[in-house]
1. Those residues that are open to solvent by 90 Å² or more (accessible area, probe 1.4 Å), assigned to a loop (DSSP other than H, G, I, E, B) and either closer than 13 Å to Val39 by Cα or aliphatic (A, V, I, L, M) (or both), I need them from the stretch 122-139; list them, please.
2. Just one of (1) part of a loop (DSSP other than H, G, I, E, B); (2) surrounded by 16 or more Cβ atoms within 10 Å (Cβ to Cβ) trips up Glu21, so point out which.
3. Among the residues of the stretch 60-70, is any at pLDDT below 95 and open to solvent by 70 Å² or more (accessible area, probe 1.4 Å)?
4. Would you confirm, using the coordinates I've provided, whether Asp95 is buried (at least 18 other Cβ atoms within 10 Å of the Cβ) and of a type in the set (Asp, Glu)?
5. Residue pairs, Cβ under 7 Å, 6 or more apart or interchain, first in the stretch 7-31 and without any contact (Cβ under 8 Å) to a residue 60 or more places away in the chain and under 24 Å from Asp65 (Cα atoms), second part of a strand (DSSP E or B) and among the polar types (S, T, N, Q). List them.
6. Out of Gly121, Gly98, Gly111, report the one residue that is of a type outside the set (Ser, Thr, Tyr), at positive phi and modelled with pLDDT of 95 or more.
7. State which residue is most open to solvent (accessible area, probe 1.4 Å) when the search covers only the stretch 24-58 and only residues that are farther than 30 Å from Val133 by Cβ and among the aliphatic types (A, V, I, L, M).
Amino acid sequence: ATWTAAKAGMALVEVKTTSAEPLSTQWRVEVVAGPPTTVAAHSAVEQVGVAGAAASDAPQVRVADAFGNPSAGVSVLWSVVEGDGSLASERTVTDETGVATAGTWTFGTAGPQGMEATAAGLSALRFSATLQVLPSPKKRR
C-alpha cells in the first residue's frame, strides 16, 4: 500500500485489517515538503520608480512543492536582465516559509528595468519597473 500526504507537518497514520480478528496500529510520522515545483511572486512584479533610486518593494519569491508546501533552503538566483540597475544580492536562500528576498534593487539611469529570479531549475520569474521622469527644479532668477 502507498500513502501520499499533501500537507507537510506531523500526521497520524492508522492501519486496520479487515480479517476475522481485526488488528490496528498507529504511527506518528513527519511529512516533509517534496521537491520544489513552483516559483511564485511574493511581492509586486511591476513597479514604478525613479532612476537611480531603490525599488520601494524588494522583490520576493515563494518556492513550493506540488502541494503548495514551502520549500526551505532553496537557492534563488537574481539577475538584472534589462536596464543598467543593480542588485544587493545575486543569490539568496528561501526561509522556512519558502520565501527569498532579493534585497535592494537599485534602478538604472533610464528606460525599462527588469530582473529575474530562478530557483532549482524552474522557470524564471520576471520583475519589471517603469521609471518616472521627475521635472527639473526651476531655476531662480
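1. Those that are open to solvent by 90 Å² or more (accessible area, probe 1.4 Å), assigned to a loop (DSSP other than H, G, I, E, B) and either closer than 13 Å to Val39 by Cα or aliphatic (A, V, I, L, M) (or both): Ser123, Val133, Leu134.
2. Just one mismatch for Glu21, condition (2).
3. Looking through the stretch 60-70, at least one residue is at pLDDT below 95 and open to solvent by 70 Å² or more (accessible area, probe 1.4 Å).
4. The answer is no for Asp95.
5. Once the first residue is without any contact (Cβ under 8 Å) to a residue 60 or more places away in the chain and under 24 Å from Asp65 (Cα atoms) and sits in the stretch 7-31, its partners that are part of a strand (DSSP E or B) and among the polar types (S, T, N, Q) give Leu12/Gln26; Val13/Gln26.
6. Numbers: Gly121 fails: modelled with pLDDT of 95 or more; Gly111 fails: modelled with pLDDT of 95 or more.
Sole residue among the options that is of a type outside the set (Ser, Thr, Tyr), at positive phi and modelled with pLDDT of 95 or more: Gly98.
7. Filtering the stretch 24-58 down to residues farther than 30 Å from Val133 by Cβ leaves 24-40.
Next, from what is left, pick out any that are among the aliphatic types (A, V, I, L, M): 29, 31-33, 39-40.
On the way: Val29: 45, Val31: 21, Val32: 106, Ala33: 37, Val39: 30, Ala40: 46 Å².
Taking the candidates together, the pick is Val32.
Matching residues to (1) within 19 Å of Gln132 (Cβ to Cβ); (2) open to solvent by 40 Å² or more (accessible area, probe 1.4 Å); (3) in contact with a strand residue (DSSP E or B) (Cβ under 8 Å, 6 or more places away or on another chain); (4) among the aliphatic types (A, V, I, L, M):
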residue: Val74; (1), (2), (3), (4): no, no, yes, yes
residue: Gly85; (1), (2), (3), (4): yes, no, yes, no
residue: Ser89; (1), (2), (3), (4): no, no, yes, no
residue: Gly103; (1), (2), (3), (4): no, no, yes, no
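The values are calculated or read from the model by the stated rules, or taken from the named source; none is laboratory data. Model, not experiment: these values are computed from the prediction. Positions of Cβ are backbone-derived with ideal geometry, glycine not excepted, and every protein chain shown enters the neighbour counts. Heads up: the accessible areas ignore ligands, DNA and RNA and are worked out on the full protein's heavy atoms, side chains in. Shrake-Rupley method; radii C 1.70, N 1.55, O 1.52, S 1.80 Å.
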